[in-house]
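Below you'll find the structure, written out as C-alpha cells, and then a few comments.
Laboratory data are not the source of any read-out in this text; all were calculated from the coordinates shown. All of these numbers come straight from a predicted model, not from anything done at the bench. In this analysis, Cβ positions are derived from the backbone assuming ideal geometry, glycine residues included, and neighbour counts consider all displayed protein chains.
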Amino acid sequence: MILDIFKRNTSKGTLIAVSLGLVLAGCSENIDESDLYTFTGEMMVDHFENNPETFSSYLEVLGQVHPSKRSKSTMKELLDARGHYTCFAPTNKAIDEYLDSMLTIGKISNKDLSQLPDSVAEDIVFNSIIDNNMEEAYATTDFQPGALQRTNMNGRYVDISYTNDSTGLSMIYVNTNSLIIDKDIEVENGYIHTIDKVLSPSTATIADLVENTDNTQIFGLLLKATGWDEKLLGYKDEEYEEGDYAGTAANDGRFSGYYPETRNTGYTIFVETDSVFNHYGITDIESLKQYLQTNGYYSDANFDDDYSNEDNAVNQFVSYHLLPEQLTWNRMVIFSNEKGFSNGSPNDGTQFQTNVWEYYETMGKQRRSLKVTGIRGGKRLNRCSTYNQLSYREIAADPEGVKINQTNGKNKNSAMNGYYYTIEDLLLWSDVVAYKVLNERMRYDICSLLPKMITNNCRYNKSNNWFFTKDYFDNIINVSEETSLVYLANCDNAGGASAGGGSWLNYQTDEFNIGGIYDFTMKLPPVPYTGTYEIRYGVNANGNRGMAQIYIGSNPNNLPAVGIPIDLRLTGSAFGWKSDTELDADGIEENDKAMRNNDYMKGPNYFYPGDGQSGRVSSICLRRIIYRGQLEAGKTYYVRFKSVLESKNSEFFYDYLEFVPRSVYNGDVAEDKW
C-alpha cells in the first residue's frame, strides 16, 4: 500500500506524503484513494491492450490514423513510444454512440470500424490527444476552468469545466459534455483520462453556432440581419502554413525559439440569451430597435431598416459584442503577478488580492473599447471599481458590470473559429461606459492589442520564445527588414514557489523584446471620448537596451516625432528617482512631481515580480510619458518606434502602454500609485 502511494511521479503535482511513524503506529485500510494517481508502468498502448473491454474500439481506430499525411507510422505506434501525451480516451460505448450519431447524419454508411472514413477516424483520434512535447502531460491537478494551454492534435482547444453530482461529488467535464469517468491513469508516456463521450468539437463557424443554439436565437437573428455572420468567417491562413516559417525554429543571435505554426483568425462573441432579451421586452429586431431608441442608446446612429450599415443602431449594438480574437475563458484576463497573486494557486481568480482586467477593441467602424474584469468568482464586462488605496482591494463597484458565463449549460460554446459566452444582462455602449467605466487609467498589455497573437495561442504560452514574421500582425505595420519581433512569456515560475508568475519587473510577467536596427509602427487602441490624454510607455531599463525615437500621429506613413529619443539604458536615478522608503509622504509627492517634470514616473505598485517587490520600488521600472494632448474618439492613431543606434544587439523593451485622461492625471483627486 505504501509503495503504491509513492509510485506517483514527483515531478508533477503534489506528492502525497505518509509519515512512517504513523504507519508503524497503525495503518488503517480505509484510505480515501479517490484522489491518488494510478501508475501502471505501461505505455498508453499497453494500457489500452490490457483493458480491451474498455478500449478495444479506440485501439483499433488508433491503428488506422497517421500523425500526418507524410507519416507512415500510425497513432498507435506513436502512443507506444516515449513522449508526453495527454489522452482523453473514449470507451467502447462512447465510440459506439458516436458512430450512431455519424450514421444518423450520413457521415458514415455503417459502423464497421475497419471501414471508417479517414476524416471520421482522424476526428476521433486527433481531438482526443494533446502532445505536450517536452513538458509533462496534464494530470487533473493541472486543470483549471477554461482551456488547457496546449491545443490537441487537431489544433483545437480542450476546455475543462466542473460541476457536482447529486451527492456533492466533483465531476470534471471536457468540452462541455464529455465526463471524465476514470482520471489520472499514469503511464510511461503521459496520462490517460477515460471519458464517456467522444470529444467532438463543433465544426461550425462561431456565427452558425450561435444561430443554431436553442437559447441564443434572437442574437443569431441579429447576426444574420446585420450581416455580421458573413464577416465572422475567417479561420485558417493556409498561405502562412504552407510558407517557409510556420512552426520552424528561429534564432536572432539573442534568443532562440519558434515561429507559430498557424496564423489563424478567430472571434469572441458575448451573447445575451433569449431570456435576457425577453426580460427587456425584446423578442425581435424591431423591438430591440425600439428599446434602444426609447432609452437613448446609440442616439447618433440611424434607426432605419438598413441593418447591414455599420452606422445603424442595431448594427452598432451587435458589433459591440464582437471581438476579433479567440478568447479562452482562462485567458480572457491574465492572473499573473498582480499584488497578492499566489503562485501555484488556480490561475482563475479564486485566490487573489486585487482585480485583474483587460481592455479589448470591439469590431465595427466606431472603434470602441470593452473592459473585462476578473473578480473573485467570475468575470464582468464594463465593471467600474473603487479600490482601497492601501491594499488595492475592491471596496465597491458601480456599475457592477455584466456577468459572463463560462459555459452555456450543455450547449457547445466553442466553434471552429472562436468562442461565444452567454451574458446575464444587456451589453450596451453608453455615456456611462465612455465617461465613467473607461474614464480611468487604461493599462494595455501589448499582447491585448494583437488579436492574432491571442488567437494562435502565443500569449502567456511558456512553451517557447515566439518569433513573428514582419506581416504576422494586422496592427503592427511598416516593419523594417532589420527588425526582429520576439515575445518572451516568462511565466515559468522562475521566482520560486511564492513568487508569482515570473521574476521580471513586467506587467503580466511577459514582454516583447525587439532586436536589430528596429523600425516599426503600431496601431493604437481607441480612446472612449474626445479629450486630453497622456500616453505612457512602460520601461524596464538595463544595459542591453537601446535608444528609440518615438513618433505619434494619425498618418502611419508620415508620423511626427515626439520629444527626444528615449534611452532605455538609463535607470530612474537619471531622472530624479528616489526610493519611497527614504522619504516621508510629502517627500514622495515632491519626488513624483520632479520626475513628471522630466516626463517620467515610477513604475506601478500593481505588479510584483519574483522577489516580492513592486514595480514602484525599483529604479529600473519606470513609465515614460511619450505624449500629452488631444485624442479624438473613433479616430485611429499610430505610434512608431525607430532605433537611433546602429547596433544590431540593442534591445527594444515593449511591455505595456497606458492611456490616461486628464481627469485622472490632473483631477481633483490625485492619481493612485497602482
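Some points to look at:
- Dividing the summed helix terms, -39500 (n - 2.57) for each DSSP H run of n ≥ 4, by the number of residues in the chain produces a 222 nm estimate of -4500 deg cm²/dmol to the nearest 500.
- Top positive-direction residue, dipole computed over the chain with Cβ charges, set 456, 395, 332: 395
- For region 229-331, applying the loop criterion from DSSP together with a ceiling of 14 other beta carbons within 10 Å to the chymotrypsin sites (Phe, Trp or Tyr not before Pro) yields 280, 303.
- Alpha carbon Rg of the chain, scaled by the compact-globule rule 2.2 N^0.38 Å: 1.02
- Computed 3J(HN,Hα) for region 520-526, one whole-Hz value per residue from the Karplus formula 6.51 cos²θ - 1.76 cosθ + 1.60 where θ = phi - 60°, is 8, 10, 10, 6, 8, x, x, glycine and proline marked x.
- Out-of-range pairs (alpha-carbon distance over 29 Å; input 69/648; 289/635; 69/107; 197/452; 371/412; 339/470): 69/648; 197/452; 339/470
- As a proxy for reagent exposure, ranking 662, 624, 380 by other Cβ atoms within 10 Å from fewest up yields 662, 624, 380.
- Here the residues 279, 47, ranked from fewest to most Cβ neighbours within 10 Å of their Cβ, fall in the order 279, 47.
- Distance between the 7 Å Cα→Cβ label points at residue 104 and residue 287: 3.1 nm.
- Summed side-chain charge close to residue 116 - residues other than residue 116 whose Cβ falls under 12 Å, Lys, Arg +1, Asp, Glu -1: -3
- Between amide H atoms placed 1.01 Å from N, distances below 5 Å from residue 531 occur with 631, 633, all of them 5 or more places distant or on a separate chain.
- Per-residue Cβ neighbour rank within 10 angstrom, fewest leading, 311, 519, 300: 300, 311, 519
- Loop-resident chymotrypsin sites (Phe, Trp or Tyr not before Pro) (DSSP state other than H, G, I, E or B) in region 357-460 with no more than 10 further Cβ atoms inside 10 Å of their Cβ are absent.
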